[in-house]
Structure formats: structure tokens, C-alpha cells
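Following: one structure in C-alpha cells, then a few remarks.
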Amino acid sequence: MLKRLRQVAFLVNDLEDGQDLYRKHLGMETCYSGDPSRYDLKNAILPAGNETFVELLQPTTPDSSASNHLKRRGESPYILIFETSDYDRLILHLNSMGVRLSEEPSLGEYRHAFIHPSSTNGALLEIVEVNDANNSWPAAGPDWDSLSHKPLTKQIRQTAVLVYDLDTAVKSWEEMFGITATKRFHVSFTDLEIAILPLAGKDTFIELAQPTGDDVPSGRFLKRYGEGIYLTIYEIEDSLDMDGYLKEQKARYTSSRVTNNYVNLGFNSIWLHPAGMKGAFTQLSEVLVDDNPWPPAGDTWYLK
């Protein structure tokens, strides 16, 4: 019932600084900037490739929910925004399960609802159904698909939600959204037990991840902040070129090429440190094989 992960929203202290940073490190240019005043926010939308988007959000009042989140967590991921082609059935299904959600007024070109983080392991979700035949993603403005500029990323591929109990989380997300985990594995490099759940469009993915211990980086993050959005993963064309580019930009990052236990996975990755990305832990991955469009999801997921 979830078609695609379309957009990931990040809270920032300063919208201009945020846009400069994403332009510098990921080559993203703003296609639309607005003032969703009913939420006490102003925003900028940046294409990330293949009709996926980054949204930067700056609170405009000191006592809004976004402002309180920013004070509590600092700059950080804030909302995962999904597209559905089955809005009515999904909302009915979620209501029948007792999921906490709020339907927002229709904006004509799309309908949308928010799912409270208490129902989705600390991650605030927005579900959107687009009804505009002339614009496949109205939130990005009227002209985004005519822009010639291309980012350094091919698209947002996957987002990770950190959880206390992986088995329980996988069961819950499968039941809520009609998706199925296609691969579970342990990544020693990141000290995480991971499950990957492809969405219906078969080009974006949810990752649910449980730390393997309390005294590992992800375990300390979970203890400090609780469950929630942890990592955004973009696909890139060439990790070696990106490595050189980020070095020129003096970005704070590490590469899978310098690790001993991140091999034979079908992809190379670069991790941008959250401290250098306004709180957004960021992974850039190049697929190395020709017969599997996204190896992290398993060997046969794309054949189903």
C-alpha cells in the first residue's frame, strides 16, 4: 500500500545554510521554496534524482511542534513522506489497527495524512496520494520536472529507522503497510541487525535496524534519543569519483573502501558524518553488480 518513499524532510536551524550544505556536498539545487504557515514552518525542496526529494524545514515560531523537536533533538531527520495509490484503503486499514493518524485537509492536487511516531517506532510519517495529472509531485512546485540541473545523487533509495526490537518492528510494519522483509542480516561494520522491506514500486526501501549492543554508536544513539529515523541512503553513480569530490569539499566522511569487513555486498558506500550534514547521517552507495538493482534488499526481491 506504500508505493514509494518520495521525500525525506530534515529540520534545520537556518534554511539558507541547509541549502548551501546540500548544494556543496550533494550537488542539490532548490526547485521550490514555500511557507507552509499552518505548520509554523518554511521549507525548501531539493530534487535528489528519479523523482525523489529532500525537504529542508526551518521553524518560524518558537513553540511549534517542529521547534520543540529541534530544541530537543537538534538538527535531524524529521518526516518520511510516502506516496500511495491506494489512499482510502490504507487509511481505513490503519484506522482498523488503531494506528494514530490525522487526516489533513485535501489540497486539491493531493490528499495526505500524518502517522504519529508512537505507531511507527518513533518515525513521523506522511502518506500522500497525488491527484494532479500534470504534476506527479506537487509538493516540489510546478516546474521541478523541467529543470536541467542534476544532483550528484541518482535518488533516495532507502531510509533506516532505529528500533528496540527488530522482530516486533518488522511484524508491525508488514501488517500496517502490506510490505514484506526480503532480507535480514547482521552488519558488523555498523553493529546493526537489519531487515530490508521493499515498497510496492520496487525502487525504494525501508530499513529497520536494531543495535547489536548498548555500547556501539547506534546503541548509544538509541539510548539517547529513542527509536526513530537514523540514516538516509542515496544511490550514486561512482563512489570513487564521489570520494574524490567530497575530499575536495573537505567533507567529514568515511568510505567502505577503508574497512575490512564491508566486502562482497554488491555495493560500495560512503558515510557522511551527521555533524557535517546538519544532523543527517547520510550514506551514498554505488551498486557494483549488473543483475540486481539494489543488493541490500536480497538476491531475488526484484524478481517477485
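The values are calculated or read from the model by the stated rules, or taken from the named source; none is laboratory data. Treat the numbers as computed from the prediction; the structure is a model and nothing was measured. As a convention, Cβ positions derive from the backbone with ideal geometry for all residues, glycine included, and neighbour counts pool all protein chains shown. The protein model used for the area step is the full one, side chains on, heavy atoms only, and it has no ligands, DNA or RNA in it. Shrake-Rupley method; radii C 1.70, N 1.55, O 1.52, S 1.80 Å.
Residue pairs whose Cβ atoms lie under 6 Å apart, sitting 6 or more positions apart in sequence or on different chains, and linking a residue in the stretch 133-145 that is part of a loop (DSSP other than H, G, I, E, B) and surrounded by fewer than 16 Cβ atoms within 10 Å (Cβ to Cβ) to a partner that is among the charged types (D, E, K, R) and modelled with pLDDT under 95, do not occur here.
Among the residues making up the stretch 146-171, those that are crowded, with 18+ Cβ neighbours inside 10 Å and among the small types (Gly, Ala, Ser) are ALA160, ALA169.
Restricting the stretch 146-171 to residues that are of a type in the set (D, E, K, R) and in contact with a Pro (Cβ under 9 Å, 6 or more places away or on another chain), which is farthest from GLN210 (Cα to Cα)? Among those residues, the one meeting the criterion is LYS150. Just one of (1) modelled with pLDDT of 95 or more; (2) in a loop (DSSP other than H, G, I, E, B) fails for ASN261. It is (1). Total residues in the stretch 172-187 satisfying the condition of being open to solvent by 40 Å² or more (accessible area, probe 1.4 Å), in contact (Cβ under 8 Å) with a residue 40 or more places away in the chain and either closer than 14 Å to GLN210 by Cβ or in a strand (DSSP E or B) (or both): the figure is 1.
Contact annotation: residue pairs with Cβ atoms under 7 Å, 6 or more positions apart or on different chains, pairing a residue in the stretch 229-253 that is within 30 Å of GLU126 (Cβ to Cβ) with a partner that is among the small types (Gly, Ala, Ser) and part of a loop (DSSP other than H, G, I, E, B), are ILE229/ALA123; THR232/ALA280.
From the list ASN95, ASN121, which one is crowded, with 18+ Cβ neighbours inside 10 Å and more than 27 Å from TYR32 (Cα to Cα)? Give the derivation first.
Values: ASN95 fails: crowded, with 18+ Cβ neighbours inside 10 Å.
Going through ASN95, ASN121 in turn, the sole match is ASN121.
All of SER118, SER64, SER96, SER102 fail the test of being farther than 22 Å from ALA133 by Cα and in contact with a helix residue (DSSP H, G or I) (Cβ under 8 Å, 6 or more places away or on another chain), apart from SER64.
Among the numbered conditions (1) of a type in the set (D, E, K, R); (2) assigned to a strand (DSSP E or B); (3) under 20 Å from VAL170 (Cβ atoms), the only one that ASP299 does not meet is (2).
How many residues are in a loop (DSSP other than H, G, I, E, B) and either without any contact (Cβ under 8 Å) to a residue 40 or more places away in the chain or buried (at least 16 other Cβ atoms within 10 Å of the Cβ) (or both) when one looks only at the stretch 63-85? Give the derivation first.
First, pick out the residues of the stretch 63-85 that are in a loop (DSSP other than H, G, I, E, B): 63-64, 74-75, 84-85.
Then drop every residue that is not either without any contact (Cβ under 8 Å) to a residue 40 or more places away in the chain or buried (at least 16 other Cβ atoms within 10 Å of the Cβ) (or both), which leaves 63-64, 75, 84.
Residues flagged as in a loop (DSSP other than H, G, I, E, B) and either without any contact (Cβ under 8 Å) to a residue 40 or more places away in the chain or buried (at least 16 other Cβ atoms within 10 Å of the Cβ) (or both) within the stretch 63-85 amount to 4.
Across the stretch 206-258, which residue is most open to solvent (accessible area, probe 1.4 Å) among those that are outside any helix (DSSP H, G or I) and polar (S, T, N, Q)? Out of the qualifying residues, it is THR212.
In the stretch 146-171, what residues are in a loop (DSSP other than H, G, I, E, B) and under 18 Å from SER118 (Cβ atoms)? I'd like the intermediate steps shown before the answer.
Step one: filter the stretch 146-171 for residues in a loop (DSSP other than H, G, I, E, B), giving 147-152, 163-165.
Those that are in a loop (DSSP other than H, G, I, E, B) and under 18 Å from SER118 (Cβ atoms): VAL163, TYR164, ASP165.
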